1. Look at the stretch 87-119 and say how many of its residues are under 26 Å from residue 63 (Cβ atoms), in contact with a strand residue (DSSP E or B) (Cβ under 8 Å, 6 or more places away or on another chain) and outside any strand (DSSP E or B).
2. Name, by its number, the condition in (1) in contact with a strand residue (DSSP E or B) (Cβ under 8 Å, 6 or more places away or on another chain); (2) at pLDDT 85 or above; (3) not in a strand (DSSP E or B) that does not hold for residue 16.
């Protein structure tokens with residue numbers, strides 16, 4: 001398993017997020033996102049700050065552009081558990097090789113990602129292509145299913 005694949009996490013949208021409340025999960029439309037140890041910053045497709053993540057040990061905390069916590073991800077070797085901003089369980093991921101599978105809070109399959117080299121492609125629960133992430137150096141760029149640039153993550 002590559003380091004990039006291991007660090008895939010699921011950023012989930014919750015019903016309590018406001019439409020105007022920019023966060024990494026909104027930036028990526030609820031799609032999975034890559035993060036790494038330490039702190040990462042997220043920017044939307046226009047270059048505006050959209051939030052950040054901060055990792056300590058096996059826990060990654062997610063923050064919106066105002067600095068409020070929007071969620072948490074607890075990682076183990078081949079899986080993660082995702083919690084929303086209230087601390088309620090929101091889903092999980094499992095990773096095998098370069099493939100990460102995503103499950104919602106009820107345990108239903110919610111999509112997958114496939115990583116090859118520095119590129120990760122995302123698919124929805126029916127297998128339809130949902131977008132991709134391209135990593136170069138410490139920067140990851142995100143694109144939707146039509147190829148439109150949606151944002152950036154920087155270490």
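1. So the answer is 3.
2. It is condition (2) that residue 16 fails.
The values are calculated or read from the model by the stated rules, or taken from the named source; none is laboratory data. Only a predicted model underlies this, so the values are computations on that prediction, with no experimental measurement involved. Cβ sites come from the backbone with ideal geometry, for glycine too, and all protein chains shown count toward neighbours.
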